[in-house]
Every structure is written in C-alpha cells, then in structure tokens.
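S.K.: I'd like to ask you about the structure that follows.
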2 protein chains.
Amino acid sequence: MTSEASLLDQLRTLATNPAARGLADDVALLGDLVLTHDTVVEGVHYLPSDPPESVGWKLGAVNLSDLAAKGAAPVGALLSLSIGHDPGWEERFLAGLAQLCEHYRLPLLGGDTVALPAGAPRVLGLTAIGRAAAAVPSRSGGRPGDRLWLVGTVGDSAAGLACLLADRAATGLLVDIYRRPIPLLDLGASFAPHATATMDVSDGLLLDSWRLARASGCGLHLDLASLPLSSAFVAERGQDRAARLFAATGGDDYALLVALPPAVDGLTLWQGEPVRITPVGELVDNGVFTLVDDLGPVPLPERLGYEHHPS
Amino acid sequence: MTSEASLLDQLRTLATNPAARGLADDVALLGDLVLTHDTVVEGVHYLPSDPPESVGWKLGAVNLSDLAAKGAAPVGALLSLSIGHDPGWEERFLAGLAQLCEHYRLPLLGGDTVALPAGAPRVLGLTAIGRAAAAVPSRSGGRPGDRLWLVGTVGDSAAGLACLLADRAATGLLVDIYRRPIPLLDLGASFAPHATATMDVSDGLLLDSWRLARASGCGLHLDLASLPLSSAFVAERGQDRAARLFAATGGDDYALLVALPPAVDGLTLWQGEPVRITPVGELVDNGVFTLVDDLGPVPLPERLGYEHHPS
C-alpha cells in the first residue's frame, strides 16, 4: 500500500506549470478556463447497489461542485466510461448523467469508453471544464482573521449513506440527498469574487477546512455548535456533539467553504433562493486546529474526514 | 454486456455542442484548445506484467498521439490515478509518466487519486490538453479522391505484444516499441494544416481508416502491399498477406493517418528526421471498403482491429 501523501509529493514534481497551482487546488486554470477531474470507484465512492442513474448524476454533480467553488460556469465535459457486464447498467448510468447535463447545460465534448475484465469494479471519470467570469480564488489565499463561511449544510449525505449501509433498501430524504447532490453553481459565482480562498466540502468539513487552512498557511478555529444541520439530519441522528462530529466528518456534502475578509458579511452576498449561509469559524495565525462547541473545547477526532487511501 | 455502438448513440445525444464534433473525433475543441481523454485498464490495455514505468509512459503517449493527429502542441494534463495494493507500483508508474512529461514538456495540471478495492484491476486515465496553431482537421472532412497517407509504421507493437503473450520475459525491439510508443507531434503539426481529415492509428489500420472513411461519408480503397513494415517486424512475422493483415489489424501503433487532396504530395510536407511516409490508399465515393494486395482482392478479415468491447 502506498500513502497518498507520498504520491502527491511525487505528482507535485510534475506539476511545474503555474496553471497547476502546485496541485494544492481541486482545479487547474488555463486562461479563463477552469478544469477539474473526479473519478468514482464502485464500492469505494458509491455502493454497488446504488441506482446507476444516481451514480451518473453524482459523477457530474461532484465535478460541477468543484467548478462551483471557483465561481465557474460549466462549459463542457469529457467522460471516461468503463463498460462492465451487467446488462443495461451503462444505459441507466448515462440517463442519470444526461439528466445532470441537461439540467446544468453541460455538453459532453468527448472522452473514452473502455472494457473492464469480468468482475472488475467500475471506475468512472469525468473531466469538467468551466469558464470563470472573475479572478478564480485558490484554496491557499486565506489570511489570518478571515471568517470561514459554509454555504449549504453538512451531514445529510453521510447520514443517508449510513441508512443505506444499515439497509440497502432504505429510502427517504437523507438517502435522496446522498444520491443526488446539487452543485451550488450560482452561489459559488456570487461568493467567489469576494473570497480569499474557496473549496467545496467533499471529504468532510473538518478535513476540507483544515486543508484550506494549511494551504493558506493558517491555523483554524472551528465552532461545531454553529454547524447548520437540516431537520431531516436532526430527526435521524440528533444534534449532540457526536451527531455534529458525524456531520462534520462524513463527507459527500458538496457544500461550499468560503474564506471571506472579516469586513465582508457573507449573508449579503446572495439574493437568490433561501439557502443556509453560516459562519462556522475563522482562519488564525497560530497554525493550530482548534475545535469548540457550546460545552468548550472538542478533542479532534482521529479521522477528520474521508481520506482516499486504499482500504 | 452492452454494445459500445448503442452506448455511443446514447452518448451522442449528450454531445450537442459543436465543440464535441458529434463525438466523431478523438478530440474536443474549445477555442484553440484541443482536449482528449484516454483511459487504460490493467489486463485490457496493458499486461499486468508490463513494467509500471512503461504503463505511465504509454498513458501519456497515447493521449499525446491524439493531439499529434490534430497538429496540436501539448499544454497540460489531468491525471486520474487509481491506487492499488502492490507496494511501489504507483511510484514506478509516475516515474514513467514523469519521463514522458519531461520529454514532451507536458505539465501535470491536476486530476484525482482514488483508492481501489483489493484485487481490482487498475484503471488509469489522462486528459491531455493541447493548443492548435492552425485549423484543426476533423476525422470527417475527407472527400472522395483524397489519398490516405500513413505516417509511421504499423504492426511493430502488436508483434511485440504477441512476443510477450508467448513469453512474459520476452525482450527486443518489438517489445520496446509496444512499451514505448512515440507520439508524432512534430509530424502531426506539419501534416494537419494540409489535411482534409486526420486521426491516429490506435486500434488497427483497417479499423481506424474505415472509421475515418465512414465519418467522411466515403468508401475506402486500401492497398495492403503498400504497408510500410519495419525490418524487425518482417524478421519476426514475415511480410506475406497474413503478416500484413496482422500488421493492419493489430493496433497500438500510434502512427498517423492523414487524408490529403490528390494534388498534395505527402512526401513534401516533412523536412525533419527520416520517417516512413506512405500512401496506403484513397477515399472513394462508392461507400465500400475494398482491400487489395499484389495478388488481387483481399477478403476483409472479420476483425478489422481492436474494438473496445468487454471480453
């Protein structure tokens, strides 16, 4: 087993171009084009029992979420489609991806189809290309004193996945949210021009906000009590410290994390449909990650989020 | 099992943007940027016993070959790296990819790393982005009367693979060519401005030239006797009709296929280092694929090349 960290070090030696941003970001920049690639693996990023349509939707949505975090509008996508051995799976997958592409006006521009050996888990990749209207915030531009704003909620998807892991036939709001993430494109476009740093929350709020803070050379103060939890989440898992830690480490949220200078009120940046926009912490200059809630300091959990290590 | 053809029909309904060229090409166009994505699967596109370094080189090279066919210069790449369970495999793979990136000044711009379940075959993808200096020839612009020129040779790589399938420890020129394809970037840039249609030969000359002819709404006349065969190929497999059919259907060649108007002599378009530049046939207006050699008409083999169907 190889650690992802050492591979990333090796990858960085190949990423000499400024467009790569030292691989410290989820996207690359070429002129005003923003490029991102996300890959999902059967049994790792989705359940083999997940409906193929939802896998197709989700593959598109998680890539668009990366564009959303950078304030970019979708331009097109290239699909890497591996073809397996269940009759009809790919048609249903493509129907879900088509729904996403229609909804967000994301034309498919090309890609590749490959055969899989019998029994191999599917590996599906999408390269999404967007166009940024303004300067594209990086992950690393945050400064001590910036407030961290969460756009959207966390925990719903992980709670939905937990329901499915307990019962593959589970249904309900949380399962729907797990299967059908919504990329916050308009919100990202509204926040990006004002932000010092942005990213989407895909691997868990604690992990991703710590990544943003480290990339920005900052420490992090986060208030678990401030987390916006949906009523569906609270009904399923409550809202005590354990529930909040679950929400903050679960991942698959596709909320946006935005660092704003202290003078900027995040609530004023969005005039569209109602959405939870919440200050959850701030970047600090001490290099330390401090987590608190209403009861006082919270010990950092061993696992801050979903790390893509081989299991 | 799903047929690739019906999936491609479904994909085309998503490819409404002109940049997609109806998915009839190996690349997409966004302004002067040329984008392509190729994925390789362990046990399908490479042997599990292949050295990881050569898999890394080859993944880069096959993508650059698509850029070469369009006359585009490399700008950058996004890597989808799946992490398996053999210690050190990924480091060696990345060392091979790094060699390619250095050699062709292809900076890595981003991508994704994902874990694989134990025992899963690796699936490795690369999105390559290039910049075209002139108009980018499509696969579909050929006209009846155009001559088809082959730039490079065919058969070497398939012969090398056959050696390895007979003996995993085989070595030699043909094995080297199989493991280390050379993208013909400068040649592509010289031919593209004069071509009515181009593509690279990755799946076999018969299959790929027939694809070009069909995309151009033409028939095809191909002379098997004209095929440029390397001396290493001839030493291994001879040069009779069977050997030539093997060379024309083997795939993994990464030669370039260029349709030129009859008034253009392909031999005059290249002043660089010696390379085989050979007229191998022409596009015709009868919609039929005719194959001949010195002995007369050659029945089309059942398999024109490497189709990416699940096995």
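Just so it is clear, none of the values below were taken in a lab; they were calculated from the coordinates. Predicted, not measured: the structure shown is a model, and the values here were computed from it. Note: ideal-geometry Cβ built from the backbone for every residue, glycine included; neighbour counts use all protein chains shown.
S.K.: Mind listing the label-point distances from B:V275 to the same position on all other copies, shortest first, one decimal in nm, points 7 Å along Cα→Cβ?
M.R.: Going from nearest to farthest copy, the values are 4.8 nm.
S.K.: If you don't mind, another one. Based on DSSP, what percent of beta bridges with both residues in chain A are antiparallel, to the nearest 5?
M.R.: Looking only at bridges with both residues in chain A, the antiparallel portion is about 75 percent.
S.K.: While we're looking at this one, here's another question. Rank by packing, highest mean first: peptides B:86-94, A:95-103, B:188-196, with packing defined as the count of other Cβ atoms within 10 Å averaged across residues.
M.R.: Taking the mean over residues of other Cβ atoms within 10 Å, the ranking is B:188-196, A:95-103, B:86-94.
S.K.: Shielding by partners for A:38-49, please: the mean number of other protein chain Cβ atoms within 10 Å of each residue's Cβ. Present the calculation step by step, with values, prior to reporting the outcome.
M.R.: Details: counts 4, 12, 2, 7, 3, 4, 6, 2, 0, 0, 0, 0.
Per residue, the number of nearby Cβ atoms from other chains is 3 on average.
S.K.: Let me ask something additional. From the square roots a ≥ b ≥ c of the eigenvalues of the alpha-carbon gyration tensor of the stretch A:4-132, which class results: rounded (a/c under 1.5), prolate (a/b over b/c), or oblate? The partial results should precede the final answer.
M.R.: Details: a/c = 2.26, a/b = 1.37, b/c = 1.65.
Here the stretch A:4-132 falls in the oblate category.
S.K.: Let me ask something additional. Between A:R12 and A:H103, 0.36 nm times their residue separation minus their Cα-Cα distance comes to what? It would help to have the intermediate numbers written out before the result.
M.R.: Working: separation 91, 0.36 × 91 = 32.76 nm, distance 3.52 nm.
Length gained between A:R12 and A:H103: 29.2 nm.
S.K.: Right, another one. What do you get for Rg/Rh of the stretch B:147-297 when both radii come from the Cα atoms and Rh is the Kirkwood radius?
M.R.: Rounded to two decimals, Rg/Rh equals 0.97.
S.K.: Kindly rank B:76-84, A:140-148 from highest to lowest mean number of other beta carbons found within 10 Å of each residue.
M.R.: B:76-84, A:140-148
S.K.: Based on alpha-carbon centroids, what's the gap between the stretch B:169-203 and the stretch B:250-289 in Å, whole number please?
M.R.: So the separation of the two Cα centres works out to 13 Å.
S.K.: How large is the translational diffusion coefficient of the protein assembly as shown in µm² per second when you combine the Kirkwood radius over alpha carbon pairs with Stokes-Einstein at 10 °C and 1.306 mPa s? Write down the numbers at each step before the final one.
M.R.: Working: Rh = 25.4 Å.
Answer from the Stokes-Einstein relation: 62 µm²/s.
S.K.: Would you mind computing, in nm to one decimal, how far apart the modelled labels at B:A135 and B:V275 are, each placed 7 Å from Cα along Cα→Cβ?
M.R.: 2.3
S.K.: Just tell me, in residue order, which DSSP H segments of chain B are both 18 angstrom or longer along the helix axis (alpha-carbon based) and at least 0.0 in mean Kyte-Doolittle hydropathy.
M.R.: Long hydrophobic helices here: B:52-69.
S.K.: Where both residues lie in the protein assembly as shown, what percent of DSSP beta bridges are antiparallel, nearest 5?
M.R.: 75
S.K.: Where Rh is the Kirkwood radius over the Cα pairs of the stretch A:160-204, the temperature 37 °C and the viscosity 0.692 mPa s, what D in µm²/s does Stokes-Einstein return?
M.R.: It diffuses with D of about 259 µm²/s by this estimate.
S.K.: Applying a 10 Å radius around every beta-carbon, put A:250-261, B:115-126, B:235-246, A:289-300 in order of their mean neighbour count, most first.
M.R.: In descending order of packing, they fall as A:250-261, B:115-126, B:235-246, A:289-300.
S.K.: Hey, another quick one. Considering amide H positions built from the backbone, and no H for Pro or chain starts, which residues 5 or more places from A:T16, or on another chain, come under 5 Å of its amide H?
M.R.: B:L108
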